[in-house]
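These notes are about the structure you will find just below.
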Amino acid sequence: MRHVSALLLSTALTISTPGFAQETADAVAPEGATEGQVQAMTDEVIAALEAKLEGVPVTSENWMIAAANPLAVEAGAKVLRAGGSAADAMVAVQVVLGLVEPQSSGLGGGAFLVWYDAASGQMTTLDGRETAPLAATPTLFQDENGEPLKFFDAVVGGLSVGTPGTPALLEEAHRRWGRASWPGLFADGIRLADEGFLVSPRLASLVENDADRLSRFPETAAYFLPDGQPLQQGQRLMNPDYAETLRMLASDGAAGFYGGEIAADIVRTVRNAPGNPGVLAGVDLALYQVIEREPVCADYRAYEVCGMGPPSSGALTVGQILGMLNSYDLAAMGAESAEAWRLIGDASRLAFADRGRYMADSDFIPMPTKGLVDPGYLSQRAALLESEVALSEVAPGKPEFDHALIWADDVSLELPSTSHISIVDSYGNVLSMTTTIENGFGSRLMTNGFLLNNELTDFSFKTHSDGVPIANRLEPGKRPRSSMSPTIVLKDGEPVLAIGSPGGSRIIGYVAKSIIAWADWGMDVQQAVSLPHLVNRFGTYDVEAATSAEGFTDALAQLGFEVNARDLTSGLHAIEIGDGLSGGADPRREGIALGE
Ligand code: GLY
């Protein structure tokens, strides 16, 4: 089942050359590895890339890892091979992703982590989301007339930077579930930053497209546009500042990031950003905390689909979509049925209407969290789908609320970037983590070798609508609403699937579709991930350009949908847990699944 467009396919093929795989193996082979061992690693990277392009899952017995770049996956695989846990491997993967896929995630950003603990059978979620500075005001993204700023006027510069959460999350995950020594988890990141890595086709093309914005700040321009020219694919890129930051994290832990020189540099960079200074202060970094939260779970068929609750809208919105579709026999309809896609699209629109009205950081606003995924409520919402054609209008519902408050609909824009990591370790622990600096290249501000996020633009730029407050308005210390949907699916209390994706608010549609493809249409994880996307959030049905999804255009238009063909660049990484493990990596990006 090969559905990727020619452009994406050629990008993926470029990095699947033996030369690239050999570089990957050379760069992360264990100290003292023999030629034979390096060759075995080279072969496994080639095999993983080929499996993805051929549309077949990678299988294994003991452990599996799926993430967005082969160098990062190999760094994590090395940790798992040596007996480390999924939490250990995640640290190694994240520090390498922050180097080789800097546009998507890193130390200057935030993340959500879902963990299934094999020993206790418990699921835990950790919130490492950025916070709004204490000095930020609700009108941060409005001009002097109270009008919302244009999106990129808000994004680029210091105004959009929230307190990073990722370093604290790495440390907290390792503290709870780590087995390997902390400093060792930074070794590959440090080595790759010191010795250099080959710029991937995707990074090179994104730098070229964003050259104007990246050139606004000297430190960022010097790294991404050396001598004024965008980085080229295949160029060796070193990042000694990042290596230094990793050395500090390895020796001092997250305390060295949230206090001391790095914290001072972050604050200085944000506050002195030319043209668009922000308000982040040392106190915001000093006070930052990872928060453990209750997982949000929704029933779907024989499964329980669990993920990250507020401030993410991910698990609630995915859960709502699936909860409504529980009333319809999608399996009988099949993936080729326009009727199935009508139901999926309109269920998604109904869920997005609730998301826009009710979902935000529940530490700051009362939220009907339980009511939103209550099966009775979702059955009522599902009844709205009993129609022959697309819904002409979609409005938020009235979930059971324990507070008498009224919210207005949200106004915020999220563009895709972000990265997803799925890992199962040899102890049976399962990790699903989505990690981000928000927009591609975040705020474009860089310090100490990493980019700073623009996560605050995930807040609504407007605070009120017709005098009614908006739940996701900015407030000091609040965490912006996210769409990130790191998910673990359970059956009879046991984990059977880990999945998640980047993609802005389309993340929700990518993850819901892949779960439906896997649970209802009998696809394996690679088929489910590769299946062309059809996503509807607010009315327009996005169909993935240059794929078989475009074949639904006429049928969906006849049902009354406006249809738009476009690139839908998810980055799904999924692992199925059954008799063995099966991994799937998104052919639209550069990642792989690897296991043993
Ligand atoms: N900034 C992407 C998200 O949190 O959904």
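Derivation of every value follows stated rules applied to the coordinates shown; laboratory data play no part. These numbers come from a predicted model, not from an experiment. Note that each Cβ is placed from the backbone with ideal geometry, even for glycine, and that neighbours are counted across all protein chains shown.
Using the Cβ atoms and a cut-off under 12 Å, what net charge is assigned to the surroundings of L559, where Lys and Arg are +1 and Asp and Glu are -1?
Here the count lands on -4.
Exceeding 27 Å between C-alpha atoms, which entries from my cross-link table qualify? They are K78/K513; K398/K462; K78/K491.
K78/K513; K78/K491
Taking amide H positions as placed 1.01 Å from N in the peptide plane, with prolines and chain starts having none, which residues 5 or more places from H573, or on another chain, fall under 5 Å of its amide H?
Amide H to amide H, under 5 Å and 5 or more residues apart or across chains, H573 pairs with G500.
Mind checking the full-extension length gain between A545 and A332? Use 0.36 nm per residue of separation minus the Cα-Cα distance, one decimal, nm.
Taking A545 through A332 to full extension adds about 74.0 nm, to one decimal.
Using just the alpha carbons, could you tell me how many Å³ per residue the convex hull of the stretch 297-369 encloses?
Per residue, the Cα convex hull of the stretch 297-369 comes to 80 Å³.
Would you report the distance distribution of C-alpha pairs in the stretch 446-596 as whole percents per 10 angstrom bin, up to the bin with the largest distance?
10, 30, 30, 24, 7, 0
Give the Cα extents of the stretch 351-504 along the principal axes, in whole Å, largest first.
Answer, in whole Å and largest first: 48, 44, 34 Å.
Suppose only helical runs count, i.e. DSSP H with n ≥ 4. What mean residue ellipticity at 222 nm does that imply for the chain under -39500 (n - 2.57) per run, divided by all residues and rounded to the nearest 500 deg cm²/dmol?
-11000 deg cm²/dmol, from helical runs alone.
Among R81, R537, R342, which comes first, then next, by fewest other beta-carbon atoms within 10 Å?
Ascending Cβ contact count within 10 Å gives the list R81, R537, R342.
Taking neighbour Cβ counts within 10 Å as the exposure measure, how do D458, D361, D524 sort from fewest upward?
D524, D361, D458
Quick one: if the Förster radius is 56 Å, what FRET efficiency do E54 and V468 give, using the C-beta to C-beta distance and rounding to 0.05?
Plugging the Cβ-Cβ distance into 1/(1 + (r/R0)^6) gives 0.60.
For the chain, state the semi-axes of the equivalent ellipsoid (square roots of 5 times the eigenvalues of the alpha-carbon gyration tensor), sorted largest first and rounded to whole angstrom.
33, 29, 23
Between R566 and R301, 0.36 nm times their residue separation minus their Cα-Cα distance comes to what?
Stretched fully, the R566-R301 segment lengthens by 92.3 nm.
Just the projected area, averaged over all directions, of the convex hull on the alpha carbon atoms of the stretch 515-596: how many nm²?
Its Cα hull, projected and averaged over all orientations, spans 6.1 nm².
How big is the gap, in Å, between the Cα center of the stretch 256-281 and the Cα center of the stretch 150-217?
16
Compute the length gained on full extension between I291 and S181: take 0.36 nm times their separation in residues and subtract their Cα-Cα distance, giving the result in nm to one decimal.
Full-extension gain reported as 37.3 nm.
Report, to two decimal places, the Cα Rg of the stretch 266-391 normalised by 2.2 N^0.38 Å (N = number of residues).
Relative to the rule-of-thumb radius for its length, the stretch 266-391 sits at 1.41.
Using 7 Å Cα-to-Cβ label points, what is the A135/D153 separation (nm, one decimal)?
Inter-label distance under the simple model: 2.2 nm.
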